[in-house]
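Q: Please find one structure pasted underneath; my questions will follow.
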Amino acid sequence: MSRSHKYLGVVGVVAGLTLSVNTASAQLPPASPEQEAAGARVASVVFAEPTIIAERGDTVTLAPSFFDADGNRVEGAMHLLFARGNQLRRVGSMLDQSGRFLANRPGTSTVIALVRVAEDGDSYRGIDGIKQVGTIRVTVRDYPASRIAIAEPAYAPYAGTSFKMHGTVWTDHDTEHSSATIEWRSENPSVATVTPSGVLSLNQPGTVTLVASTENGISEPLQLQVVANPVRTLDISPTMAAARAGDVVMFDVNALDGRGRAIDDVALSYSVFGLDSMGGQLFEDGSFVAENPGAYRVVVNMGDLASSAIVEVALRPNPWEINLVDHGAVAHVATSDLWVFEGNDGRDYAYTGTHAKGGGERLFVWDVTDPANLVMVDSVVVNARVVNDVKVSDDASWAIITREGASDRKNGIVVLDLADPAHPTIIAEFTDSLTSGIHNVWINGDVVYAVNDGTSAMHILDLSDPANPRHVRRWELRPGDTNKSLHDVWADGQYAYLSYWDDGLVILDVGAGTHGGTPADPQFVSSIAYGMGNTHAAWRAGKYVFLGDEIGTPDGMRGYVHVIDVEDIDNPTEVAKYEVPEAGAHNIWVEDGLLYIAYYQGGLRIVDITGELRGDLYRQGRELAFYRTSAGEGEAITPHQPMAWGPQPYKGNIFVSDMNSGLWVIKFAQPQVLTP
């Protein structure tokens, strides 16, 4: 049964909370001068409690009251409430002042309270006309637990082995429980013991009953028949290996019975001992990687049987030289995405978009033929608050820029004719089914994949005639469900990789033929999600997808790059990560064994991704170089604060757009990267 609650209480002003809210960068509801004046006086917001706990399915009503700096109540301000994440779903439109939200998914959400002010007054994330005045946290509890589904053991129940048991708790709404944990026990410890978390140790042949229990008094038994172990010998090879920190060594492990036959369904235990260092990891597939130089002993064992190898790990090369070539300063408006290309006139160009701070209605055109002498040669003005993305066709004859926050609420895409790439002209403005705003696009031949803010779907456009775009169809996760948010798409002609924010990476067949998909009629292949963070952008190189994560915090941007192994396209698996602890990842580019990341306040980062990848690439020293895109007074909106947005290597240089300071060109003395 759904319940309804109303909450009142006090929350102070929280300034500078960074948050990705598509609707905040879209068009604002109209406000009267009186409402704007009242909003300008607001300094704090009052609710009933500092935090709220609701049950999934509840309707939560937030009734804010507003006060000025002297504690006097302010009446008549138009307020907007935005919920971060997908735990809460707004009931009604953005104009609805009732403050009602459906407790939609378990977890914790921050609700941001904003008020309308005059557009030349205060702002929120650079959006003129709104001001943040406070936040409140809402925790949503899941439905009650109703049953446990115990997974089949991953290994045969041989005496003398150990492995982890797994199970899933389901709610009374037949959904997987988001937070319930399982506690295990054995009813015959002489045959087998099990830890509360599920680590099972099989002691001797016989019958044992395991019991899994969870909240709400739910339990489930599982009977196992433990049998004699057929394994007589273990072999690991090679027995000696040399590597650099971050290089993956692949070991082959064989468990053999008395006749020398391989036993493939036995659980083995792996361990690493640092002989003169620490920081080695061994994975279940037999791969080893170390973060620090030194000697390591790798051991595989099962009961009394064991086999070992020695790995000697050397340092990786020192960071390589990286230098500034030129800086095209833009200090009056925030810079967004970029694309660098050779025009049909033989000269090189960079196109950069603009974000809301300062007025995001413009595309800048740069002549970068001489990368040490950047020249802004033109701009294109469109009706938008944000030109978030820019992409150029393969033959450089046309380009697309995206629009968000158009004053007439008709956003969509703008198509540019590049017959004269120094002075592009608008040949089409296409809004069919795209009016709510387009955040990102990807061009795949004549097909364009567009990320629609309103539908959270990938819309498919035919641009075989660029002057007359045509809407073909759309693909979306969970059709009809509004509880989703698509942020970006990247495609290579075979598969498309959709960054679905809270739902992770979604892979579609768009021409590979493995699942019947075509460029204009994609078919679902697989997906992978992670528990914390927001899936922001993806790029495939070789058998890996590099998946950018984005998390906004009061201390600035955070999030890192997840490395997903998609060699088995139906079963993507996370195998490694690259994480700069003090900064947050944004857009990425992969080329020639190097990962380029615009790491927001961390500037440009360049990472060696050759060979196999496992573990923490940052701690392993795979970062080859970094450059802080930091500019001084007069050359940045906020001086000395890098906010790198997007990288692109091009003709021996690296181009980087920075939200605070414009366009950068950087030279990297690329080493000869050797794959071990």
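Q: With the checklist (1) farther than 20 Å from Trp645 by Cβ; (2) aliphatic (A, V, I, L, M); (3) open to solvent by 10 Å² or more (accessible area, probe 1.4 Å) in hand, flag the one item Ile443 doesn't pass.
A: (1)
Q: Has the stretch 20-30 got any residue that is surrounded by fewer than 20 Cβ atoms within 10 Å (Cβ to Cβ) and at pLDDT 75 or above?
A: Yes, the stretch 20-30 contains a residue that is surrounded by fewer than 20 Cβ atoms within 10 Å (Cβ to Cβ) and at pLDDT 75 or above.
Q: If a residue counts only when it is open to solvent by 50 Å² or more (accessible area, probe 1.4 Å), which strands (runs of 3 or more DSSP E) contained entirely in the stretch 67-111 have at least 1 such residues?
A: 88-90, 100-103
Q: Something else about it: Could you go through the stretch 407-420 and let me know if any residue there is among the hydroxyl-bearing types (Ser, Thr, Tyr) and modelled with pLDDT of 95 or more.
A: No, every residue in the stretch 407-420 fails to be among the hydroxyl-bearing types (Ser, Thr, Tyr) and modelled with pLDDT of 95 or more.
Q: Out of Leu234, Leu224, Leu202, report the one residue that is buried (at least 16 other Cβ atoms within 10 Å of the Cβ), out of contact with any helix residue (DSSP H, G or I) (no Cβ under 8 Å at 6 or more places or on another chain) and free of Cβ contacts under 8 Å to residues at least 60 places away in the same chain.
A: Leu202
Q: Give me the strands (runs of 3 or more DSSP E) completely within the stretch 275-370, filtered to those with at least 3 residues that are under 30 Å from Gly615 (Cα atoms) and touching a strand residue (DSSP E or B) at 6+ places or on another chain (Cβ under 7 Å), ordered by residue number. Before the answer, list the steps.
A: Numbers: elements: 280-282, 287-290, 294-302, 305-314, 322-329, 335-342, 348-354, 362-367.
Qualifying strands (runs of 3 or more DSSP E): 280-282, 287-290, 294-302, 305-314.
Listed here are the residues, each with its yes/no results for (1) among the hydrophobic types (A, V, I, L, M, F, W, C); (2) more than 27 Å from Arg232 (Cβ to Cβ); (3) exposed (fewer than 14 other Cβ atoms within 10 Å of the Cβ); (4) in contact (Cβ under 8 Å) with a residue 40 or more places away in the chain.
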| residue | (1), (2), (3), (4) |
| --- | --- |
| Thr139 | no, yes, no, yes |
| Ile148 | yes, yes, no, yes |
| Ala154 | yes, no, yes, yes |
| Ala159 | yes, no, no, yes |
| Met165 | yes, no, no, yes |
| Glu176 | no, yes, yes, no |
| Ser190 | no, no, yes, no |
| Thr193 | no, no, no, no |
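Q: Are any residues in the stretch 415-445 at negative phi and of a type in the set (Gly, Ala, Ser), and if so, which ones?
A: Ala419, Ala422, Ala428, Ser436
Q: Which of the residues that make up the stretch 577-616 are part of a strand (DSSP E or B), open to solvent by less than 10 Å² (accessible area, probe 1.4 Å) and closer than 13 Å to Leu547 by Cβ?
A: Listed by number, the residues that qualify are Tyr578, Leu595, Ile597.
Q: If you check every pair at least six apart or on different chains, which have Cβ atoms under 9 Å apart with a residue in the stretch 363-374 that is without any contact (Cβ under 8 Å) to a residue 24 or more places away in the chain first and a residue that is open to solvent by 20 Å² or more (accessible area, probe 1.4 Å) and assigned to a loop (DSSP other than H, G, I, E, B) second?
A: Note: pairs meeting the criteria are Thr369/Gly346; Thr369/Arg347.
Q: Failed condition for Ile564, given (1) assigned to a loop (DSSP other than H, G, I, E, B); (2) at pLDDT 95 or above; (3) open to solvent by less than 30 Å² (accessible area, probe 1.4 Å); (4) over 19 Å from Pro647 (Cβ atoms), with all others met?
A: Result: Ile564 fails condition (1) only.
Q: For the stretch 421-440, name all the residues that are closer than 17 Å to Phe341 by Cβ and crowded, with 24+ Cβ neighbours inside 10 Å.
A: Those that are closer than 17 Å to Phe341 by Cβ and crowded, with 24+ Cβ neighbours inside 10 Å: Pro421, Pro424.
Q: From the set of residues in the stretch 339-364 that are within 23 Å of Pro639 (Cα to Cα) and of a type in the set (D, E, K, R), which is modelled with the highest pLDDT?
A: By that ranking, first place goes to Arg362.
Q: Of the residues in the stretch 378-409, how many are among the basic types (Lys, Arg), buried (at least 16 other Cβ atoms within 10 Å of the Cβ) and assigned to a loop (DSSP other than H, G, I, E, B)?
A: Count: 2.
Q: Could you figure out which of (1) within 24 Å of Ala356 (Cβ to Cβ); (2) open to solvent by 10 Å² or more (accessible area, probe 1.4 Å); (3) not acidic (Asp, Glu) isn't true of Val375?
A: (1)
Q: Of everything in the stretch 410-425, what is under 33 Å from the mean Cα position of the chain (by Cα) and more than 14 Å from Ser397 (Cβ to Cβ)? Give them in sequence order.
A: Lys410, Asn411, Gly412, Ile413, Val414
Q: Out of all the residues in the stretch 545-561, which are open to solvent by less than 60 Å² (accessible area, probe 1.4 Å), at pLDDT below 95, of a type outside the set (Gly, Ala, Ser) and assigned to a strand (DSSP E or B)?
A: Once the filter is applied, which keeps residues that are open to solvent by less than 60 Å² (accessible area, probe 1.4 Å), at pLDDT below 95, of a type outside the set (Gly, Ala, Ser) and assigned to a strand (DSSP E or B), the stretch 545-561 yields Asp549, Ile551, Thr553, Met557.
Q: Turning to a different aspect of this structure: Identify the residue in the stretch 305-338 that is charged (D, E, K, R), more than 20 Å from Ala636 (Cβ to Cβ) and surrounded by 14 or more Cβ atoms within 10 Å (Cβ to Cβ) and, among all such residues, is modelled with the lowest pLDDT.
A: Among residues in the stretch 305-338 that are charged (D, E, K, R), more than 20 Å from Ala636 (Cβ to Cβ) and surrounded by 14 or more Cβ atoms within 10 Å (Cβ to Cβ), the one modelled with the lowest pLDDT is Arg316.
The values are calculated or read from the model by the stated rules, or taken from the named source; none is laboratory data. Fair warning: this is a prediction, and the values are worked out from it, not measured in the lab. For neighbour counting, all protein chains shown are included, and Cβ atoms are generated from backbone atoms with ideal geometry for every residue, glycine included. Remember, those area values only see protein heavy atoms, side chains included, never the ligands or the DNA or RNA. Shrake-Rupley method; radii C 1.70, N 1.55, O 1.52, S 1.80 Å.
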